[in-house]
Amino acid sequence: MSSGKPIFEEYGIYIFLIALFAVSSLLSPAFLTIENLRNIFTPAASLGMVAVGQTFVILIGGGALDLSVASVMATVTVIVSMNTHGQDALLFPVSLLCILFGIVVGLTNGFLVTKRGVQPFIATLGMMVIIQGLRFLYTKGAPKGTFPPFLRLLGTGNIGPMPISVLSFAFLLVLAAIVLKKTIFGRKIYATGGNIKAALISGYNTDLIIISTYAISGFTAAIGGLYLAGWLGISDNWVGEGYEVDSIAAVIMGGTSFEGGKGGVIGTTAGVLIIATLYNLVLLLHLPLQLQYIVKGGAIILATSFYARKAAY
Amino acid sequence: MRKVIFVLIALTFLGVTITGGFAAEQRQWDRASLWNPSTLRMIDTKKYKKKAPYTIGFSNAGISNSWAVFMHREVQAEAERHPDLIKKLYVTEAKGKADKQIGDIEDLMAKGIDILIVRATTEAALDPVISRLHKQGFPVITVSKGIKSDNYVSFVDASNQVLGRMNMVWLCQTLQGKGNIVMLGGWPGAGSVIDRKAGADEALARYPGIKVLDYQYTHYSPTEGKTVMQAMVQSYGKKIDGVWCDSGLQGVGALEAMVAAGMNVPITGDQLNGFMCNVVKYQFKAVMGAYPPRMGAEAVKLALRVLQGESVPHHFNVPTLVSATDETADIKADVPWSELAQPNQPENWWIGHTLPKKWLPY
């Protein structure tokens with residue numbers, strides 16, 4: 001009876017992902033085509049980048065999360081379009097500025113959580129609103145400018161059959177997995193998330209670790225925003241809207257717990273793919289909007305409950 | 001001669017009227033009245049007459065796209081033009097959420113406003129609160145996005161039904177009455193979206209050879225426009241002969257998706273500069289019915305007339321224009337597309353505004 005349970009606990013998310021792909025292929029002949037898979041994976045790469053950073057934050061535990069990521073993405077988009085004026089020559093310095101912006105936002109979030117004791121939900125929600133306000137001040141509500149061709153290439157181009165954005169995400173994913181699993185810093189994150197008191201007793205600077213995870217989240221949000229801007233090609237004040245919730249859902253679906261200390265970026269990637277696939281499938285099935293919401297929400301709950309570890313009461 | 005007249009109309013529309021003469025201004029309004037589908041129903045506003053200066057409340061559904069930002073600023077800029085009549089303008093923004101907007105309106109009422117201007121998030125959700133105010137004898141002007149009932153003094157827009165109908169007639173005629181189309185709407189439940197779709201459906205009913213493959217909402221987001229269009233391209237591929245968008249906001253995203261897929265079929269939209277320029281850049285056939293953000297300013301002017309006890313039209317149509325890259329039997333361009341698309345201006349630029357430099361979002 002119990003022999004099957006650990007398999008679902010360990011691999012449930014991947015089994016669900018495979019099942020979702022299989023069902024999607026049966027439901028829509030358009031699903032399993034190279035072009036459609038590119039349509040799913042290319043914007044999913046941006047969500048994946050954001051979700052990787054979100055994983056670092058959630059691993060810290062204690063209800064840690066980052067609601068400011070979508071706001072960072074949108075702000076990065078307008079910074080690039082309004083400062084590069086569509087010129088490749090300016091892309092590199094402006095991108096560095098964007099990344100710096102993301103990191104500063106993350107550091108501020110981390111500072112508020114650790115040094116001021118603000119709940120992560122409130123700290124990052126407040127930051128999200130502040131950035132929105134700053135963005136509206138900066139753009140006066142209607143961003144101008146265009147994106148450099150090289151950024152468009154990063155967002156929409158392919159190397160062979162693979163979208164460049166997906167390859168970039170894969171690189172980031174591998175890097176994040178190595179940091180989490182193979183470095184002392186990674187072990188400190190898991191230790192802090194597993195038991196913060198024990199981590200403190202062990203001499204870890206937990207505040208620094210927590211601040212670092214928020215900085216990483218800000219960094220990946222900025223990178224994700226750059227790629228999403230390249231994919232979209234239009235400067236808009238709300239690029240990435242909803243990514244804060246989607247990235248958190250992907251992380252939790254992928255097996256990282258709000259309690260912290262367990263999970264990782266590979267599971268998160270599966271969560272991202274499930275969300276991106278669902279968003280694509282409801283459109284391929286031509287469902288009316290109301291049904292789209294029901295199917296997407298229902299499938300996310302189903303995916304999580306499919307393999308969820310039962311709490312020991 | 002006809003072309004010359006059209007060019008003159010368009011020039012006035014582009015803002016020449018700000019400094020231009022009475023004749024040009026008159027021509028615009030003549031045109032608006034010609035487009036009015038019925039005779040004007042005038043509302044007697046003597047019961048709302050008050051002594052100036054006034055306090056005005058403006059409850060905006062949201063500023064989630066650049067059109068809404070332009071329109072929002074039109075309200076503010078117009079209020080500033082009447083320092084003798086307007087003591088205070090209170091502005092709220094509901095972030096697209098009906099429940100927040102209802103709270104916003106209650107807050108505005110508590111501030112003691114003399115008249116309320118509302119751009120409703122959804123026509124059903126805002127109907128009860130606005131109807132209640134109307135029945136209590138409080139003056140309400142709705143603008144751009146109306147409510148379900150006619151419980152208001154005046155509704156200001158540029159007939160959404162006409163724009164929806166115009167775009168659809170052009171698409172059907174461009175396809176010579178035969179083919180498959182997909183439709184991309186804006187915000188679900190928003191009055192303007194419902195009306196544009198209703199106008200389009202009326203036109204569509206006369207073209208039995210045109211089949212609608214799918215209708216999806218895009219929340220006036222370029223991102224959603226691209227995502228939805230990508231999925232439609234995957235589903236239907238070369239079966240899609242035309243794309244009906246009720247705005248250039250999702251239209252510009254749909255264009256991106258089609259370009260990426262190597263598709264080029266006729267598309268409809270509005271006067272968003274990014275949409276118009278990309279149509280030229282990628283050589284698409286397109287039509288646009290302009291939806292002028294200046295309707296925000298007109299709503300303020302109308303509010304002042306109401307408070308001064310002047311009769312006002314129950315439905316107030318702001319002048320607009322049509323342009324097309326390729327004309328059809330019934331849809332002619334008031335101004336050539338190439339003259340309206342302005343590559344030197346930002347993608348989020350909207351023609352049809354009256355904003356002074358101070359209020360421009362650039």
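Give me the mean projected area, in nm² to one decimal, of the convex hull enclosing the Cα positions of region B:138-242.
7.2 nm²
Quick one: give the max-minus-min coordinate of the C-alpha atoms of region A:76-219 along each principal axis, largest first, in Å.
Between the extreme Cα coordinates on each principal axis of region A:76-219 lie 52, 41, 21 Å.
Helix by helix, which DSSP H runs in chain A go 24 Å or more along their axis at the Cα atoms and have an average Kyte-Doolittle hydropathy of 1.0 or more?
Qualifying helices, which must be both long enough and hydrophobic enough, are A:5-27, A:34-59, A:91-114, A:120-139, A:164-182, A:206-232, A:265-284, A:289-307.
Taking only Cα atoms, what is the 0 to 90° angle, nearest 10, from helix B:295-307's long axis to the longest principal axis of chain B?
30 degrees
What relative contact order, as a whole-number percentage, does region A:215-313 give when Cα pairs under 8 Å and 6 or more residues apart are counted?
18 percent.
Would you work out which of A:Val52, A:Ile13, B:Gln234 lies farthest towards the positive end of the dipole of the protein assembly as shown? Charges go on Cβ: Lys and Arg +1, Asp and Glu -1.
Result: A:Val52, furthest along the dipole toward the positive end.
May I ask you to derive the FRET efficiency for A:Val23 and B:Glu339 from their Cβ-Cβ distance with R0 = 41 Å, giving the value to the nearest 0.05?
0.20
Could you give the angle, 0 to 90 degrees to the nearest 10, between helix B:2-11's Cα long axis and the longest principal axis of the Cα atoms of chain B?
With rounding to tens, the tilt is 50 degrees.
Sum -39500 (n - 2.57) across every DSSP H segment of at least 4 residues in chain B, then divide by the residue count to get the 222 nm mean residue ellipticity, nearest 500.
-12500 deg cm²/dmol
Given an 8 Å cut-off on Cα distances and at least 6 residues of separation, report the relative contact order of region A:15-129 as a percent.
With pairs under 8 Å counted, the relative contact order is 26 percent.
With springs only between Cα atoms under 10 Å, which of B:Ser59, B:Ser131, B:Ser235 fluctuates most in a Gaussian network model of chain B?
Highest fluctuation of the listed residues: B:Ser235.
Roughly how crowded by other chains is peptide A:283-290, in terms of the mean Cβ count from those chains within 10 Å of each of its Cβ atoms?
Average per residue, whole number: 5.
Would you mind checking which residues have amide H under 5 Å from B:His315's amide H? H placed 1.01 Å from N; only 5 or more apart, or other chain.
Here B:Arg41, B:Phe155 satisfy the definition.
Hey, can you rank A:217-225, B:211-219, A:24-32 by average C-beta count inside 10 Å, highest first?
The most tightly packed comes first, giving A:217-225, B:211-219, A:24-32.
Starting at the first residue of region B:341-347, write each ³J(HN,Hα) from the Karplus equation 6.51 cos²θ - 1.76 cosθ + 1.60 with θ = phi - 60°, in whole Hz, x for Gly and Pro.
5, 10, x, 7, 9, x, 4
Based on Cβ point charges of +1 for Lys and Arg and -1 for Asp and Glu, what charge dipole magnitude is obtained for chain B about its Cα centre, in debye rounded to the nearest 20?
460 debye
Past the 27 angstrom mark, what percentage of all C-alpha to C-alpha distances in chain A do you count?
The proportion of pairs with Cα distances above 27 Å equals 43 percent.
Hey, any idea what % of region B:167-285's accessible area is carbon plus sulfur with a 1.4 Å probe?
Solvent-exposed carbon and sulfur of region B:167-285 make up 52 percent of the total.
Kindly write out, for region B:70-86 in residue order, the coupling ³J(HN,Hα) from the Karplus curve 6.51 cos²θ - 1.76 cosθ + 1.60 (θ = phi - 60°), rounded to whole Hz, with x marking Gly and Pro.
4, 5, 4, 6, 4, 4, 5, 5, 5, 4, 5, 6, 10, x, 6, 9, 10
Amide H to amide H under 5 Å from B:Val212: which residues, 5+ apart in sequence or cross-chain, H placed 1.01 Å off N in plane?
So B:Val212 has HN proximity to B:Ile181.
What number, in percent, do you get for the relative contact order of chain B if the mean sequence gap of Cα pairs under 8 Å and at least 6 apart is divided by its residue count?
Worked out over chain B, it gives 22 percent.
Rounded, prolate or oblate, given the Cα gyration tensor of region A:81-130, with a/c below 1.5 counting as rounded?
Here region A:81-130 falls in the prolate category.
Partner chain Cβ atoms within 10 Å, averaged over the residues of A:24-33 - can you pull that number for me?
Taking all residues of A:24-33 together, the mean is 2.
What span do the alpha-carbon atoms of region A:15-105 cover on each of the three principal axes, reported in whole Å from largest to smallest?
Computed over region A:15-105, the largest-to-smallest principal extents equal 46, 41, 16 Å.
Would you please give the residues with an amide H less than 5 Å from that of B:Ile267, counting only those at least 5 places away or on a separate chain, with H modeled from the backbone geometry?
B:Val243, B:Lys285, B:Ala286, B:Val287
If you line up the long axis of helix B:22-35 against the longest principal axis of chain B, both from Cα atoms, how many degrees apart are they, to the nearest 10?
Once rounded, the angle reads 70 degrees.
Using a 10 Å cut-off around each Cβ of peptide A:225-235, what is the average number of partner chain Cβ atoms that fall inside?
Taking all residues of A:225-235 together, the mean is 4.
Which value, in square angstrom to the nearest 100, describes the accessible area buried between chains B and A on both sides, using a 1.4 angstrom probe?
Chains B and A together bury roughly 2700 Å² of accessible area.
In whole angstrom, note down how far apart the Cα centers of region A:144-180 and region A:36-91 are.
Taking the Cα centre of region A:36-91 as reference, the centre of region A:144-180 is 11 Å away.
In region B:247-262, what residues drop by 40 Å² or more in accessible surface going from the chain by itself to the full protein assembly, probe 1.4 Å?
B:Glu256
The values are calculated or read from the model by the stated rules, or taken from the named source; none is laboratory data. These numbers were taken from a predicted model, which means no experiment stands behind them. Cβ coordinates were reconstructed from backbone atoms using ideal geometry, including for glycine residues, and neighbour counts include every protein chain displayed. Please note that ligands, DNA and RNA were not included when accessible areas were found on the heavy atoms of the full protein model with its side chains. Shrake-Rupley method; radii C 1.70, N 1.55, O 1.52, S 1.80 Å.
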